[in-house]
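One structure is given here, and the rest of the page talks about it.
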Amino acid sequence: MRRDELASAASAATQWDLNPQTTLARLLAVNARHHGKQVAMREKALGIWQETTWAGLLDEVLAVAAGLEQHGFVDGDSMLVLGDNRARLYMGMLAVGALGGYAMPVYPDATPDEVLHFTSEANARFALAEDQEQVDKLLELREKAPSLRCIVYDDPRGLNHYKVDGLMGWEALREAGEKRLAAEPALRESIIGRSRPEGPAVFVHSSGTTGKPKGVVLQQRNVLAGVRNGFKGDVFHWEESILAYLPMAWIGDFAVTMAAGVALRFTINIPERSETVLRNLR
C-alpha cells in the first residue's frame, strides 16, 4: 500500500462510521483524541477570531458538565439556554446532553411569559444566559417559577454587583468542574460514557403561531441519523467550515452546528453579533 493510501486508511479509521447508535459526547471525545489540535470553534470577539481546538472543546464541556453536576444537575434535568449564538452556550448544551439532560434553547427575544411557559413545561431548574439582559429576564421569573434555582451567565458585564443566590459566572462553574475532574480521575470517562443513543440531544419548540409553542425532544440517534442521511445525500462533507448564523432555538441550527458539526468535524465559526453576520462571513 502506498504512503498516501496508508494515510487515507489511518484517517478513515478515526472517522465516524455513520452509525447513529452513539452520542455527541462520544463523538466529541473521538475528535479530541485523534484530531485534538484541529480547530473546532472560532468565535469573533472584539474583532478577533478566538479559536478553540477539539481537545480544548472537550475539556471545557467536561468541566462544565462536572460543575453542573456538583450544583445538583442530574440525569433528566432541563436547562434553559437564552441568548444569541455563542460558543459557551453551545458548550453548555453539549454538557447537558452528556449528563443525560434536556438542553432547551430559547429565542433571545422571547418574552418573560414565553420563557415562563418553557420553564413550567420542563420544570427547568437550571438556565444558561448570554448576558445581563437575559439574566434579568430569568430573575424576573423566579417568583412565578420557583423551580429555577441555578442561573449561569456567559458575559459578566453589568453583573459583577449582583448578589443573588444561585447566580454564577461561566468561569466559576468551569473552575468548580475542573477541581472535581482533578480530584476524581475516573469522572472524565464517566461523563463521556453516560449519555445514551436513546437519550435527549435537544428540547426544541414549534413557532407557536397556532397557540403556545409545543415542545419536541430529539434523541441523540435522531439528530445523528439526520447527519448520516445528509452526508449520504451529499449535503454535508467532512471538515467543512460553517457559519453559525441560525437562531439557536431553531432545530436547523442544532442539526447543522452541533450534530453535523461534531459528527463530521466542522470548523464552527460564530459571528460577533447577529448584525455582523455578513461581515463575519466575509
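Rule-based calculations on the coordinates, nothing more; no lab input. None of the values given here were measured: they were computed from a predicted structure. Cβ placement follows ideal geometry from the backbone for every residue including glycine, while neighbour counts extend to all protein chains displayed.
Numbers at a glance
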quantity: Fraction of antiparallel bridges per DSSP, the range 1-150 only, in percent to nearest 5; calculated: 40
quantity: The range 38-112: relative contact order in percent, alpha carbon pairs under 8 Å with at least 6 residues between; calculated: 28
quantity: 5 angstrom amide H check on LEU167, placed H, neighbours 5+ away; calculated: ILE151
quantity: Cα-only radius of gyration and Dmax that characterise the range 16-147, units Å; calculated: 16.0, 48
quantity: Length added when fully stretched, GLU143-LYS44, from 0.36 nm per residue minus Cα-Cα; calculated: 32.0 nm
quantity: Longest exposed-site-free window of the chain, the sites being GluC sites (Glu not before Pro) in a DSSP loop that have at most 14 other C-beta atoms within 10 Å; calculated: 1-142
quantity: Residues of the range 139-173 with amide N under 19 Å of a point placed 7 Å along Cα→Cβ from VAL217; calculated: 147-148
quantity: The range 146-253: C-alpha pair distances exceeding 21 Å, %; calculated: 65
quantity: Kirkwood Rh in Å, taken over all unlike Cα pairs in the chain; calculated: 19.2
quantity: Computed over the range 58-180: relative contact order in percent, which uses C-alpha pairs under 8 Å that are six or more apart; calculated: 31
quantity: Antiparallel DSSP beta bridges within the chain, as percent of all bridges there, nearest 5; calculated: 35
quantity: When each of LYS144/LYS214; LYS37/LYS214; LYS44/LYS137; LYS37/LYS163; LYS44/LYS212; LYS37/LYS232 is checked by Cα-Cα distance, pairs over 31 Å; calculated: LYS37/LYS214; LYS37/LYS163; LYS44/LYS212
quantity: Sequence-separation-based contact order of the chain, relative, with Cα cut under 8 Å and 6+ spacing, percent; calculated: 24
